[in-house]
Amino acid sequence: MRVLFVEGKEKEALLGLARELPHPYWLLAGEGIWLLEVFGAGEEAMAKARALPGVKVWAFALEDGVVYRGCGKKSATSP
């Protein structure tokens, strides 16, 4: 699986891209900058991201990770 990262200063442009794609995503806020992470993105998603003005785009192959391991306590967000 590939993970696409798109860094930019325009939140709405990044959200617009994310909502066009059929992939799960996270939008992270920093100090005056946004980072969109798109999971399972292919070449079409990369091309759409690169077409946005003023963004930086990277793609990485996911090699390892944990989605949810749990903390042993029941909470509102526990499955």
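Between beta-carbons, use under 13 Å as the cut-off and find the net charge around G32, counting Lys and Arg +1, Asp and Glu -1. Display every interim value, and only then the final one.
Values: positive: K9, K11; negative: E7, E10, E31.
Neighbour charge sum, excluding G32 itself: -1.
Can you give the log10 of the normalised intensity I(q)/I(0) at q = 0.16, 0.26 Å⁻¹, computed with Debye over equal Cα scatterers of region 2-61?
Evaluating at q = 0.16, 0.26 Å⁻¹ gives log10 I(q)/I(0) of -0.39, -1.09.
Give me a comma-separated list of calculated 3J(HN,Hα) values for region 7-13, in order, Karplus coefficients 6.51, -1.76, 1.60 applied at θ = phi - 60°, integers in Hz, x for any Gly or Pro.
9, x, 9, 10, 4, 4, 5
Quick one: if the Förster radius is 25 Å, what FRET efficiency do L62 and L27 give, using the C-beta to C-beta distance and rounding to 0.05?
Values: r = 18 Å, r/R0 = 0.74.
The value I calculate is 0.85.
HN-Hα J couplings of region 40-53 from phi, Karplus 6.51/-1.76/1.60, θ = phi - 60°, integer Hz, Gly and Pro as x?
My calculation for region 40-53 gives x, 6, x, 4, 5, 5, 4, 5, 5, 5, 5, 7, 6, x Hz in order.
Which aspartates and glutamates have a Cα lying under 15 Å from the Cα of K11, excluding residues fewer than 8 positions away in the same chain?
E20, E31, E37
Read-outs: derived from the displayed coordinates by stated rules, not from any lab. Given the structure is predicted, the values throughout are model-derived calculations rather than measurements. When we count neighbours, we look across all protein chains shown, and the Cβ atoms used for this are built from the backbone with ideal geometry, even at glycine.
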